[in-house]
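Reading through the structure tokens given below for one structure.
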Amino acid sequence: VQLQASGGGVVQAGGSLRLSCRIPGPAFSLFHMGWFRQTPEKDRDFVAAISSSAKTTLYAESVEGRFTISRDNAKNAVYLQMNNLRPEDTAVYYCAADGRIDHLREQRGIDYWGQGAQVTVSS
């Protein structure tokens, strides 16, 4: 299973970006999906997750109210809309897929990872 992430870039503080991640093929709708981020100074952190049906969403406290995770199973895509970005949101963002949403929230035993997308927020 290959995850294809896109949408990173450079934005000023207060701005917005949207990340996308796709899994080609029919398996996408079976997976719970998540976003994580990592900086050189820190371990990879959980950002958000969404269940396969999109009925459940989970967020890290640091992004709640600013970031929104969503998915379109018809397009095999999961999105992370990031609003009111802050310099501390600067990181490489990764999407991931797993059969259990608790694995995503707890970042353990995750089945599949995508390549990273750099997000840089300037002050």
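The values are calculated or read from the model by the stated rules, or taken from the named source; none is laboratory data. Keep in mind that this is a model prediction, so the values were computed, not measured. Every residue, glycine among them, receives a Cβ derived from its backbone with ideal geometry; neighbour counts consider all protein chains shown. For the accessible areas, the whole protein counts, side chains as well, though only heavy atoms, and no ligand, DNA or RNA atoms are used. Shrake-Rupley method; radii C 1.70, N 1.55, O 1.52, S 1.80 Å.
So here's what we get for this one:
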read-out	value
Counted residues, segment 68-85 - those being open to solvent by 50 Å² or more (accessible area, probe 1.4 Å) and under 20 Å from residue 14 (Cβ atoms)	4
Tally of residues being closer than 19 Å to residue 118 by Cα, loosely packed, with under 14 Cβ neighbours inside 10 Å and touching a Ser or Thr at 6+ places or on another chain (Cβ under 9 Å) across segment 21-60	1
Residue within segment 86-99 that is closer than 16 Å to residue 2 by Cβ, among the small types (Gly, Ala, Ser), surrounded by 13 or more Cβ atoms within 10 Å (Cβ to Cβ) and at pLDDT 95 or above present	yes
Long-range neighbours under 6 Å by Cβ, at least six apart or interchain, first residue closer than 16 Å to residue 67 by Cβ within segment 90-112, second among the hydroxyl-bearing types (Ser, Thr, Tyr)	90/120; 91/39
Segment 1-10 - residue that is out of contact with any Cys (no Cβ under 7 Å at 6 or more places or on another chain) and part of a strand (DSSP E or B) and, of those, nearest to residue 87 (Cα to Cα)	10
Answer residue from segment 103-123, given it is open to solvent by 40 Å² or more (accessible area, probe 1.4 Å) and part of a helix (DSSP H, G or I) and is farthest from residue 8 (Cα to Cα) among those	106
